[in-house]
Amino acid sequence: MTGERPTAETVSSLLGDHELVVASNRQPYSHEREDGEIVVNRPAGGLTSALDPVVQSAGGTWVAWASGDADHDVTDEDGRVGVPPEDPAYDLRRVSLSDEQVEGYYYGYSNQVLWPICHIDTSKMNARADFWGHYRDANRAFADAIADEASDDSLVWLQDYHLALAPRMIRETNPDVFCMQFWHITWPSWDAFQTCPQYAELLDGLLANDLVGFHTDQYCQNFLDCAAMLPDARVDRATRSVVYKGRRTFVRPFPLGIDATHRRQLALSSADTGFWNEFRDEHDIGDTVALGVERLDYTKGIPERLAALEQFWETRPEWQGELTYVQKASESRTQIPEYQAIQDFVESEIERINTRFGTNDWTPIVYLNEYLSKDGLATLYREADLGIVSPRRDGMNLVAKEFVASQVDDPGVLLLSELTGAHEELGDESISVHPHDTPGFADAIETALTLPETERARRMNDLERLVHSNDVYAWMTKQFRTVESIQRGRDVAKQSIKRQ
């Protein structure tokens with residue numbers, strides 16, 4: 001964890017003369033009404049908190065959905081407000097969406113069509129016509145706001161699957177602006193993607209970008225396979241690009257990282273043994289602790305994990321009373337029936353397993369679905385002997401990296417699903433699991449728990465090196481350097497044409 005690494009300032013310096021315009025569904029700051037006062041809610045983590053210091057350093061504009069109930073009480077007539085509030089460094093341009101639009105665009109099309117398709121669970125797709133209409137309208141609202149903020153010298157950076165149509169719409173008024181988009185979830189094979197009724201429109205939108213990024217090379221290959229199905233698209237495998245409607249779109253892998261230094265510092269500063277000892281006593285936790293942290297989402301593989309743990313305790317009774325599994329879960333998209341169903345199932349399974357194996361002084365599974373402070377979560381990450389990350393499908397999975405960066409004391413072991421993007425980076429030094437192989441999963445838990453200390457330390461040291469060297473700032477640096485390379489190539493081509 002030594003040596004020069006990118007920072008927010010060094011990343012922003014790569015922009016040169018470009019003005020940065022970031023666009024995302026989620027905003028970095030929201031204004032809410034509490035007890036008659038307007039308060040500012042700041043990002044607690046994730047991508048928005050990592051991007052925020054870069055945009056602060058670079059200046060520019062961030063375009064996002066106005067999700068706070070007091071958001072427009074503090075904006076100007078164009079929907080702009082300077083942030084951060086105490087020392088404004090850039091403009092936050094808020095996009096207004098009605099409740100009906102949010103329901104159809106976000107909870108509908110984004111998360112009942114694109115989400116299940118991309119996670120290869122097409123049986124959960126709900127392709128209602130009104131969902132598509134709201135998705136299209138919301139993308140138009142975003143595109144109009146971006147077009148207002150962008151000039152030909154801007155770098156427009158769109159985030160994720162909520163805004164697949166926006167690039168083509170932006171081109172209507174800003175044909176020469178450089179547009180790039182990062183797709184934060186998996187990109188499926190053509191067989192899965194073609195189940196989307198609007199696959200052609202989505203590809204048409206994304207291919208209006210100059211650069212499209214994914215977490216892994218496999219997702220890039222899948223995207224190129226899908227683009228090749230458009231009649232007017234020409235895929236160049238050698239350069240990993242697509243020529244479509246007179247524009248060449250480059251497709252590149254950029255594995256997303258975390259702010260590993262911050263996560264490590266948080267684990268060190270939260271070394272509150274009082275909290276940990278009280279937590280262990282309150283929940284009757286055994287001497288060995290396994291941890292899972294995720295949203296209650298059907299893609300995260302929690303039921304499969306519970307089945308493996310049950311088989312582990314059943315076939316290895318010596319671990320009863322010794323190993324406790326802590327499941328930190330957060331409610332997610334409960335308006336969608338499939339999400340409520342997974343929450344109900346997980347809670348009933350945990351109750352059943354605890355009834356089966358639990359004793360007066362030992363709880364097999366501790367279920368936490370209430371708020372947990374960042375220090376509390378950091379303590380769980382630090383103290384866990386085993387981090388279990390076993391999604392059925394996940395574009396990357398940053399929990400695996402957060403666990404690694406937080407292992408600042410006695411090194412634990414990471415169990416990692418083969419079906420995550422993170423496995424491409426971290427799989428060699430993790431214990432690999434397949435979420436659908438229950439006996440193999442149970443065996444992997446035993447393997448992880450019985451690794452010699454020297455082997456645990458070696459693996460975790462290698463994982464820490466990977467997580468710190470490929471952090472979120474390295475992720476941004478690679479993308480901005482790719483932008484430089486693309487523009488350099490285009491400048492050379494233009495000069496060559498002039499000389500002819």
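The values are calculated or read from the model by the stated rules, or taken from the named source; none is laboratory data. Nothing here was measured: the structure is a model prediction, and the numbers come from that model. Glycine also receives a Cβ, built like all others from the backbone with ideal geometry; neighbour counts cover every protein chain displayed.
Yes/no per residue for (1) touching a Pro at 6+ places or on another chain (Cβ under 7 Å); (2) outside any loop (DSSP other than H, G, I, E, B); (3) crowded, with 22+ Cβ neighbours inside 10 Å:
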| position | (1), (2), (3) |
| --- | --- |
| HIS72 | no, yes, no |
| ASP78 | no, no, no |
| PRO88 | no, no, no |
| GLY104 | no, yes, yes |
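Within segment 301-321, being more than 16 Å from THR447 (Cβ to Cβ), surrounded by 16 or more Cβ atoms within 10 Å (Cβ to Cβ) and more than 34 Å from the chain's Cα centre (by Cα) holds for GLN320, GLY321. Pairing residues of segment 161-189 that are without any contact (Cβ under 8 Å) to a residue 60 or more places away in the chain and over 15 Å from ALA208 (Cβ atoms) with residues that are in a loop (DSSP other than H, G, I, E, B) and of a type in the set (Phe, Trp, Tyr), at Cβ distances under 8 Å and at least 6 apart in sequence or on separate chains, gives TYR161/TRP183.
Within segment 138-160, being surrounded by fewer than 23 Cβ atoms within 10 Å (Cβ to Cβ) and in contact with a Phe, Trp or Tyr (Cβ under 7 Å, 6 or more places away or on another chain) holds for GLN159, ASP160.
Mind listing just one residue for me: the one in segment 241-268 that is without any contact (Cβ under 8 Å) to a residue 40 or more places away in the chain and part of a helix (DSSP H, G or I) and, of those, farthest from PRO53 (Cα to Cα)? Only one residue fits best here, namely GLN265. Restricting attention to segment 90-102 and to residues that are out of contact with any strand residue (DSSP E or B) (no Cβ under 9 Å at 6 or more places or on another chain) and part of a helix (DSSP H, G or I), the residue that is farthest from ALA58 (Cα to Cα) turns out to be GLU100. The set of residues from segment 364-384 being surrounded by fewer than 21 Cβ atoms within 10 Å (Cβ to Cβ) and part of a loop (DSSP other than H, G, I, E, B) comprises ASN369, GLU370, TYR371, LEU372, SER373. Counted as qualifying within segment 107-224 are the helices (runs of 4 or more DSSP H) with 1 or more residues that are polar (S, T, N, Q), namely 129-149. Cβ separations smaller than 8 Å between residues 6+ apart or across chains give the following pairs from segment 75-86 residues that are in contact (Cβ under 8 Å) with a residue 60 or more places away in the chain to residues that are surrounded by fewer than 18 Cβ atoms within 10 Å (Cβ to Cβ) and among the polar types (S, T, N, Q): GLY79/SER96.
Have a look at GLU446, GLU455, GLU464, GLU484 and point out the one that is closer than 25 Å to ALA400 by Cβ, in a helix (DSSP H, G or I) and under 26 Å from the mean Cα position of the chain (by Cα). Just a single option satisfies the conditions, and that option is GLU464. Residues in segment 269-289 that are in contact with a strand residue (DSSP E or B) (Cβ under 7 Å, 6 or more places away or on another chain), in a loop (DSSP other than H, G, I, E, B) and at negative phi: 2 in all. The residue that is nearest to PHE312 (Cα to Cα), counting only those in segment 344-358 that are of a type in the set (Val, Ile, Thr) and surrounded by 15 or more Cβ atoms within 10 Å (Cβ to Cβ), is ILE353.
To keep it simple, each residue is scored yes or no on (1) over 23 Å from LEU386 (Cα atoms); (2) not hydroxyl-bearing (Ser, Thr, Tyr).
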{"position": "GLY321", "(1), (2)": "no, yes"}
{"position": "SER330", "(1), (2)": "no, no"}
{"position": "ARG333", "(1), (2)": "yes, yes"}
{"position": "ILE336", "(1), (2)": "yes, yes"}
{"position": "ASP344", "(1), (2)": "yes, yes"}
{"position": "ILE350", "(1), (2)": "no, yes"}
{"position": "ASN354", "(1), (2)": "no, yes"}
{"position": "THR359", "(1), (2)": "no, no"}
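Checked against (1) at pLDDT below 95; (2) farther than 24 Å from ASN397 by Cα, ILE258 meets all criteria but (2).
The listed residues are ALA50, ALA64, and the only one of them that is touching a helix residue (DSSP H, G or I) at 6+ places or on another chain (Cβ under 8 Å) and outside any loop (DSSP other than H, G, I, E, B) turns out to be ALA50.
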